[in-house]
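The values are calculated or read from the model by the stated rules, or taken from the named source; none is laboratory data. On a predicted model such as this, the values are computed, not experimentally measured, just so you know. Here the Cβ is made from the backbone with ideal geometry for all residues, glycine too, and neighbour counts use every protein chain on show.
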Amino acid sequence: MKYNFFSLFIIAFFLTACNSTKNTTSSSAQLSPAEMILQKAVEAHGGVKYQTAHYSFIFRDKNYTFKNNKDQFRYSVTSKKDGNEIVDILENENLSRKVNGVEVELSEKEKGRYSGGLNSVIYFATLPYKLQDKAVKKSYQGTTIIKGKTYEILEIRFEQEGGGRDHDDVFHYWVNKKSNVIDYLAYNYQVSGGGVRFRSAYNSRNVEGMIFQDYVNYKAEVGTPLADLPKLFEQGKLKELSKIETENVVKLK
């Protein structure tokens, strides 16, 4: 509602009424359609619990942990190779590695590669939490029907500054209009000749207040528009590549 502040200053009755009422504006009125969809999706997947979330899970035989403290975070991955235990820790963008408990020196290139891999796994495991980052550019792409259900389409791009090495990637998220949960996602990437991927969620489960999902990972021809992928999926024209499974999800203290 727009107020006529000139009238409020002239008419004492309205001035008193205005002063006795809290000057609050609905947060949703200040958000773009894309921001509103993302806000609802974050709330459906875990909401404020993401801010202090502390979990572990297994992905492809490696043990991952993440611990959030609002804007601060600590991610780790533990793996075995040739009988050695390797632990990578990414703490507020600083990566370190220990082999059998002894810290080893890493080149800047190695730090970039290992931190990128670790950050990517946590990013997908905790969707849509990281879509709130400052480097994220959100836009609303309308609605569509997939397998009889209505979805809001959220497109995500990234600023070059703060968007990481893969800031040129473009993502689409299909948010279930009824549940506000992300049932499908897709992205294109530019490295190594480029590619297009589409993921369909399954095994969605709530682990102490946060939703974790597994995905079937599909491949499409390079250059396929992301908006075309749901129809190709329904027609069985996408090639299944793999399954993205987060196993043994445990909330830590």
Q: Please find, within the range 106-126, the residue that is nearest to Tyr50 (Cα to Cα) out of those that are touching a residue at least 60 places away in the same chain (Cβ under 8 Å) and in a helix (DSSP H, G or I).
A: Ala125
(Q) Here is a check on your reading of the model: is Arg199 touching a residue at least 12 places away in the same chain (Cβ under 8 Å), over 24 Å from Gly236 (Cβ atoms) and part of a strand (DSSP E or B)? (A) no
Q: Specify which of the listed residues (Gln51, Gln30) is surrounded by fewer than 16 Cβ atoms within 10 Å (Cβ to Cβ), of a type outside the set (Lys, Arg), more than 21 Å from Glu247 (Cβ to Cβ) and within 17 Å of the chain's Cα centre (by Cα).
A: Gln51
Q: Would you mention how many residues in the range 43-59 are farther than 14 Å from Tyr123 by Cβ and either modelled with pLDDT under 95 or part of a helix (DSSP H, G or I) (or both)?
A: 7
Q: For residues that are in a loop (DSSP other than H, G, I, E, B) and in contact (Cβ under 8 Å) with a residue 60 or more places away in the chain, tally how many sit in the range 209-237.
A: 1
Q | Index of the failed condition, Tyr140 passing every other in (1) assigned by TED's automatic domain parsing to the domain that holds Glu159; (2) surrounded by fewer than 16 Cβ atoms within 10 Å (Cβ to Cβ); (3) not small (Gly, Ala, Ser) | A | (2)
Q. In the range 68-92, how many are more than 23 Å from Val102 (Cβ to Cβ) and part of a strand (DSSP E or B)?
A. 4
Q) Of the numbered conditions (1) surrounded by fewer than 15 Cβ atoms within 10 Å (Cβ to Cβ); (2) in contact (Cβ under 8 Å) with a residue 40 or more places away in the chain; (3) small (Gly, Ala, Ser), Ala186 satisfies every one except a single condition; which is it? A) (1)
Q | Residues of the range 54-70 satisfying the condition of being among the basic types (Lys, Arg), under 19 Å from Leu131 (Cα atoms) and either in the same structural domain as Ile211 (by TED's automatic domain parsing) or exposed (fewer than 14 other Cβ atoms within 10 Å of the Cβ) (or both) | A | Lys70
Q. With respect to Phe14, is the statement that it is in contact with a Ser or Thr (Cβ under 7 Å, 6 or more places away or on another chain) and modelled with pLDDT under 95 true?
A. yes
Q.
Report every pair of residues separated by at least 6 positions or lying on different chains whose Cβ atoms are under 7 Å apart, first residue within the range 66-89 and among the basic types (Lys, Arg), second surrounded by fewer than 18 Cβ atoms within 10 Å (Cβ to Cβ) and not in a strand (DSSP E or B).
A. Lys70/Gln51
Q) Does the range 144-157 contain at least one residue that is among the small types (Gly, Ala, Ser) and at negative phi? A) no
Q: Quick one: which residue in Glu208, Glu247 is touching a strand residue (DSSP E or B) at 6+ places or on another chain (Cβ under 7 Å) and more than 19 Å from Ala41 (Cα to Cα)?
A: Glu247
